[in-house]
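The values are calculated or read from the model by the stated rules, or taken from the named source; none is laboratory data. Quantities reported herein were computed from a predicted structural model and do not represent experimental measurements. Cβ coordinates were reconstructed from backbone atoms using ideal geometry, including for glycine residues, and neighbour counts include every protein chain displayed.
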């Protein structure tokens with residue numbers, strides 16, 4: 001991963017960002033192991049893909065799957081983010097044939113005809129203010145019934161977010177990642193639909 005740079009989160013140093021990603025990677029692999037077999041051929045959406053960190057995690061964990069990443073690539077929350085850099089990261093990792101990125105605002109309807117089996121996101125929605133509810137709606141509109149939404153975020157208005165998300169899904173698991181002040185990062189996994 002010599003030529004790969006997943007960027008620096010805002011209010012963070014490169015070292016802090018790398019540390020956060022290391023913690024997220026361990027937790028996300030544990031979550032993935034409970035959702036689908038490794039051999040599954042899934043359609044996966046990385047909502048707010050940035051420079052492709054979560055796309056990388058999903059594409060390497062599920063080697064038969066295809067990952068599509070949407071991002072507006074102009075938010076200051078991930079310094080130096082660009083579509084070109086995300087694509088270059090995937091080329092450097094040998095994942096360019098199983099990933100694609102598109103410049104797209106998550107608050108705009110997704111034009112994909114694909115229904116995704118899994119939607120993943122990390123440190124995106126808290127940056128969107130109240131627009132995040134439209135983005136959540138778009139995520140669930142693109143997700144297959146019985147599909148999963150794995151979101152890592154800070155949830156500054158947790159009760160509002162949970163009310164909205166639970167009207168559309170079932171919470172399967174919630175795990176703290178950092179639990180450290182401004183970086184109280186949590187991973188939540190939702191099932192579109194209800195448990196049978």
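Starting from residues that are farther than 25 Å from residue 96 by Cβ and over 15 Å from the mean Cα position of the chain (by Cα), keep the ones in region 1-29 and report whichever is surrounded by the most Cβ atoms within 10 Å (Cβ to Cβ).
12
Among the numbered criteria (1) modelled with pLDDT under 95; (2) closer than 17 Å to residue 125 by Cβ, which one does residue 17 miss?
(2)
Among the residues that make up region 34-46, is at least one of them in contact (Cβ under 8 Å) with a residue 60 or more places away in the chain, more than 13 Å from the chain's Cα centre (by Cα), buried (at least 21 other Cβ atoms within 10 Å of the Cβ) and part of a strand (DSSP E or B)?
Taking every residue of region 34-46 in turn, none turns out to be in contact (Cβ under 8 Å) with a residue 60 or more places away in the chain, more than 13 Å from the chain's Cα centre (by Cα), buried (at least 21 other Cβ atoms within 10 Å of the Cβ) and part of a strand (DSSP E or B).
Identify all residues within region 106-144 that are part of a loop (DSSP other than H, G, I, E, B) and either in contact with a strand residue (DSSP E or B) (Cβ under 8 Å, 6 or more places away or on another chain) or at positive phi (or both); write none if there are none.
Result: 106, 110, 112, 114, 115, 123, 124.
Residue 48 passes all but one of (1) closer than 21 Å to residue 132 by Cβ; (2) out of contact with any helix residue (DSSP H, G or I) (no Cβ under 8 Å at 6 or more places or on another chain); (3) at pLDDT below 95; which number fails?
It fails just one condition, (2).
Considering each of 155, 101, 190, 149 in turn, give the residue that is closer than 20 Å to residue 10 by Cβ, in contact with a strand residue (DSSP E or B) (Cβ under 7 Å, 6 or more places away or on another chain) and not in a helix (DSSP H, G or I). Let's see the steps before the verdict.
Working: 101 fails: closer than 20 Å to residue 10 by Cβ; 190 fails: closer than 20 Å to residue 10 by Cβ; 149 fails: closer than 20 Å to residue 10 by Cβ.
One residue alone meets the criteria, 155.
Residues checked against (1) surrounded by fewer than 22 Cβ atoms within 10 Å (Cβ to Cβ); (2) in contact (Cβ under 8 Å) with a residue 24 or more places away in the chain; (3) over 23 Å from residue 187 (Cβ atoms); (4) in contact with a helix residue (DSSP H, G or I) (Cβ under 8 Å, 6 or more places away or on another chain):
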| position | (1), (2), (3), (4) |
| --- | --- |
| 70 | no, yes, no, no |
| 91 | yes, no, yes, no |
| 94 | yes, no, yes, no |
| 97 | yes, no, yes, no |
| 109 | yes, yes, yes, yes |
| 113 | yes, no, yes, no |
| 130 | yes, no, no, no |
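Quickly run through region 149-194 and pick out the residues that are under 17 Å from residue 16 (Cα atoms), loosely packed, with under 13 Cβ neighbours inside 10 Å and in contact (Cβ under 8 Å) with a residue 24 or more places away in the chain.
182
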